[in-house]
Each structure stands twice: as structure tokens, then as C-alpha cells.
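Report on one structure; see the data block that follows.
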């Protein structure tokens, strides 16, 4: 029954399956390189609501409905829900998924929350505590700017190291059985720790998060006794262009060359030439919608066989920033494998 | 291996043990009825720090250190940490527990977070994913007032239905082995769902949370096939005096009489005659320090044999409140049993 390996990892002997998933994004994301792959693209980022927060709640609700629908499941057939977002007290989640009536665990790991939710969901299933789990995370450009930065109406200049928060939500149905429609399997987890290099620039979150990503990746290789070559892609959540170079440099110092197989969801989701995202996309929704729409598709189409997926989070609030605190990072990694 | 029962519950066949615990509180809590039972009482609610948020971080750090010390364990011997607080983006946690270097999961369930952390920690152990877990939650009167209500300097009047946020942190070391010093065992979990009766008064959180507590308690009795008589106490987190009457009424309607065995941590922690707490204490720290200092002691001294412990959370933020949203509630229940 023991499933732990090394310091921070879990090998899921029997595997846990991603039975279905759904991705819903905003207009800008729909116009980006991955646009045609998303399940739904909103025409208006308010999604028919009167506030940005309600819009984000609607994203979560619709993503869960769609993922359940694809799996042909009713909410009653889901044991537990793991959910989170970036807003204070996770209100996008509280008002987004309550109507399903599914017993739920709220999780918070900033933009790493998708990795945290999938890790805990997979653990609940492999531990015999659940049959089926739904994991959902979201972010919204406008609610995040309001929560962390400046009112949109100010039209603030943003430095080139800044990210653009992805408007989107990704939901995943995890199942202990390998059903016919199953998209991929989760075979391993490496749980991240908080890593703080003392950086204080909240408009350079890539650099703040890269040390945490490097730490988790190195720990993963140690715990599983593997190397970068084992994976077709090693995929970070939202390090962006600045964070990517920091990550590759940090791991090179440790003897790992990720150059040829590193991918970052935040870099993939927008076109740098036409969409002006600066360093790249970010947010709990960024890695979630990219996993659902793009990564799982590559695994299904056998372009890749096995990936290491690690959403990355920057742990700050406007209060901690205003009080001069640093921006620690955290990243949780999942081994996701194709089934066919 | 299957450990699920009913709609929302888990029976931990082998049990999970609370090996050690620690409670640290502020001055007011130290002067209350449970004062002599807490491990540490601060003389000054800043705890030597320069901001309320740092003070709350210090509470978490010291509570974890103390709980580890009592168990004679080093951070390296802890598999994972489950931690949370009430502040936006859980910053008390991010800056409180990073120095331990323990792989961690951030959780958020408002004042129910202690129940959520203990539930997930117990699941991780019983599922074979961890040997030992630390769960820690905190709240701080001044950081919470700043986060949710008014600057302290305003000296706002508070209605009698308002709660006083507990300054305190409780930490628990969970172990898969029953060591000699083990304080109690966790034998069951009922996971709460979000329950929203549409109440909007954030200064009457007891009434907002009571329906969620009633829902979880009723679900617990159904899933485990038990009745109130099974428990020496059924203990809510922080319903306070208003919420208690709502809970008892709601459950009476369903045919359950909890009158003689209900206890609320928020009511116990302050003296209503001399400490002016209004409805009672609240916060992630309230149920955590009461469990550590008082409830586990009653179980150790055989005054009680078995309790149902369910921290209760009110899911709101200042943004959701300002946008006119309701205050949904959530509550997670644990069956905690004496060992001797």
C-alpha cells in the first residue's frame, strides 16, 4: 500500500485516469495559437455577468459542466471536488461550483493550483477514498488585475517581464477506472515546497517562480531516479520568457539540460508578435486550459508518450507586496502518460 | 482498500493518530476560560513582528516548531504539510512555514480550514501516501479585521451577532503509527459541501455557517449510520451564540436533538461576561487551538471517548461582500477518538 518514494514523491502504482476534461477561455486566448483547440471561447470576457468575479465563477461552473457532460456523469457520481482560483478567499470557486452540491476541498497554490488539485485528486483516488474526482481551477485577466495590481481604467504601463493573466478555466474528471474515453493517465506526483530567493518584483513573476520549478524538477528526478530524457516534454505552468531562461540556467548548474524538451504553457498560449502578452500568460487557468486543450491532445495523438507537467505559483498578495515582502514560489509536478 | 462510505464520508479502517499538537494564542485568548491550557500565550499580539500579517506567520511557525518538538521530530521526517489561513492568497501560511522546507499543500476553507487540513492529512496517511503529516492553521484578530472589515483605528461599533477573530495557531502532527505519546485517533471523515441560504450579513457569520454545519452533521449520521448519542460531544468550530441556536433548530427539524451534546469552540474560548466577544470567537485558529488545548485533553483524560469535530467556514471576501453576494458556508467533520 505504500506509495511514497524519495523525499517528496508518490508513485501511483495502479494509475489514475483523466477520464474527460474541458477548457473555456476568453476572447484573447481564443485568438491565440491554441485558440482552435479550446472547447469554448467567450465573445465577451464578462461571460454575461455583471462583475469580473462572477464571470470567473461562470467559467468554473461551465468548465465543470462540460467536463461532466463529456464523461456522461452527473454531479452525484463525483466523490469530491478539488477547486481553487487566485482571488482573495477563493471567491471565484465559492460562487462557481456550489450549485453542483459535490463535497469539496478548496485549495490554494497561486498559479500552481491546477497541479495541486490534480495531485490531491489523484491521491484521493489511489488511496481508496474516492471513485471519481473533479479538479477545476480558473483565472481571469480583469479580476486578477483588480486583485493584485491596478484598476484597468488607469491604463498602467507594464514592464516586459510582466505576465498577462489568462482568462480561462480548465476542469478534469479523474477516475480510478480506465474508461474507453480516458484521455491520459497520471502515474506520479512530486509535491513542491515553498522556495524563496528573496525576489520582490511582482511584475517579474517568472523569475520569482523559476527557483521553485527548478527545485521540484530536481527533486522529481532524484525521487524517481529518472532524467530529462525520460520525458517528451517537461512543461511548466507560466514561467514565461524570463522565467524560462532562469529555469534552464538553474537546472544547467545542477547538471540537467532541459533546453530541447522544456515547454511553458504561458509562452504557448499567446502569440508574442501580435498579442503583446509581454513575458507570457499566467494564472491558475493558464496551465489548466493548456493541459486540457493541447497537452492531452498531443498524448492522445501519440506525438508525445509521457510528460512532466508542473504548474508554477507565485505566492504573493497585494498586502504582502505593499509590506515589502518577497514573492516565494511553489510548483507541483505530475507525470502524465498517453494511453494508446 | 476502499474506504468510502455513503455520499461524502471516509472510514479510516486502520486509524490515523494525532501524535502531538501545539497551540499558541494571543493575550485575550490567554485571559479566557481556556487560557491556562494553551501551550503559549503572547504578551503582545504583534509577537515581536512589525506587521499583523508577520505576527500571524510567526504564530504558524512557532506552532509547527512546538508540535514537532513535542513529537521529537525534525522537519525532514514529515512527508507533507497541509496549511492555511484566512488572509487573501493565504500569506500568513506562505511566509510562516516556508523555512521548514516541507513539501506542502495550501488549503482554503475559511474558518473550516483546520477540518479540511486534518481531513486531507489523514487521507494522505491512510492512503499510503505519507508517513507523517503536519497540519497547521491560524488566524489573527487584527489581520482579519484589516482583511475583511474596518481599520482598527476607526473603532467601529460591532453588532452583537459579530464574532471576535481568535488570535492563535494550532498545529498537529498526524502519524500512521500509534506512538506512545499519541493524543487521539482519527477514525472517520465527512467532507462538507458549500451550502448557501442566501444570507448576506457578514457580521452574522454564525447564521451564515449554521446551515453548512447542519448539512455535514446530517450527512455524517446518514453515511456512518450513527446518531448523536454515539458522540460525547458534537463540536462546531465557530458558530457562536447565534449560529448555535440556528444549528440546533435546523437539526431538530430533521429529527436530531443535539441540545445536550453540542459544543462550539467559539463559545468556549472567551468569557461572555468579562471579555465582550459578542457572538463568540471565530477564525481558522479558533477550532485549531481549542482542539489542541481542550478537546484532545478531554479525550486523554477519558472525560470523553469520542467526538465529532467540525470546523465551520464562512466563504466571503471583502470583494464578494461589496458586490452584494451572499455568505455561503462549509464544514468538514472528523471523528476523533480517545486512545486510553
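Just so it is clear, none of the values below were taken in a lab; they were calculated from the coordinates. Source: prediction; values computed, not measured. Glycine also receives a Cβ, built like all others from the backbone with ideal geometry; neighbour counts cover every protein chain displayed.
Secondary-structure-derived ellipticity at 222 nm for chain B, considering helices only, amounts to -9000 deg cm²/dmol, per-run term -39500 (n - 2.57) for DSSP H runs with n ≥ 4.
If you average the alpha carbon positions of the range A:104-132 and of the range B:48-107, how far apart do those two centres end up, in angstrom? One Cα centre to the other: 21 Å. With contacts taken as Cα pairs under 8 Å and at least 6 residues apart, the range B:261-340 reaches a relative contact order of 26 percent.
GNM on chain B, alpha-carbon springs under 10 angstrom: the most fluctuating residue among B:113, B:51, B:137 is B:51.
As a proxy for reagent exposure, ranking B:276, B:238, B:196, B:264 by other Cβ atoms within 10 Å from fewest up yields B:276, B:196, B:264, B:238.
Shortest first, residue B:35 label-point distances to identical copies amount to 6.7 nm, with the label point at 7 Å from Cα along Cα→Cβ. According to the Kirkwood expression over distinct Cα-Cα pairs, how big is the hydrodynamic radius of the range B:300-340, in Å? Taking the inverse mean of 1/r over all distinct Cα pairs, the range B:300-340 comes out at 12.8 Å.
By the Kirkwood approach, averaging reciprocal distances over each pair of separate Cα atoms, the range A:1-99 gets a hydrodynamic radius of 15.7 Å.
The tail of the calculated P(r) for the range B:4-175, taken as Cα-Cα distances beyond 30 Å, holds 19 percent of the pairs.
Take every Cα pair under 8 Å whose residues are at least 6 apart in sequence, average their separation, divide by the length of the range A:184-337, and the relative contact order is 39 percent. Of B:317, B:326, B:260, which has the largest mean-square fluctuation in a 10 Å C-alpha GNM of chain B? Of B:317, B:326, B:260, the Gaussian network model singles out B:260 as fluctuating most. Look at A:123, B:263 and count the other Cβ atoms within 10 Å of each Cβ; fewest to most, that gives B:263, A:123. For the range A:52-113, the convex hull spanned by the alpha carbon atoms encloses 81 Å³ per residue. For chain A, the fraction of C-alpha pairs farther apart than 27 angstrom is 37 percent. In a Gaussian network model over chain B where Cα atoms closer than 10 Å are linked, find which of B:81, B:239, B:199 has the largest mean-square fluctuation. Evaluated over chain B, the most mobile residue of the options is B:199.
Relative contact order of chain A, taken over Cα pairs closer than 8 Å and 6 or more residues apart, is 25 percent.
In nanometers and ordered shortest first, the copy-to-copy spacing of the residue A:273 label point, defined 7 Å from Cα toward Cβ, is 8.0. Antiparallel beta bridges, as assigned by DSSP with both residues in the range B:4-175, represent about 60 percent of the total such bridges. As a size descriptor, the averaged projected area of the C-alpha convex hull of the range A:184-337 was calculated at 8.9 nm². Taken along its three principal axes, the alpha carbon spread of the protein assembly as shown comes to 67, 54, 47 Å, from the longest extent down to the shortest.
Taking the fewest neighbouring Cβ atoms within 10 Å as the starting point, the ordered list for A:251, A:334 is A:251, A:334. Where both bridge residues fall in chain A, DSSP classifies roughly 65% of the beta bridges as antiparallel. The rotation axis taking chain A to chain B passes closest to this chain A residue's Cβ, listed with the gap in Å: A:127, 1.
In this assembly of identical copies, the label point of residue A:2 (Cα plus 7 Å along Cα-to-Cβ) is separated from its counterparts by 2.8 nm, sorted shortest first.
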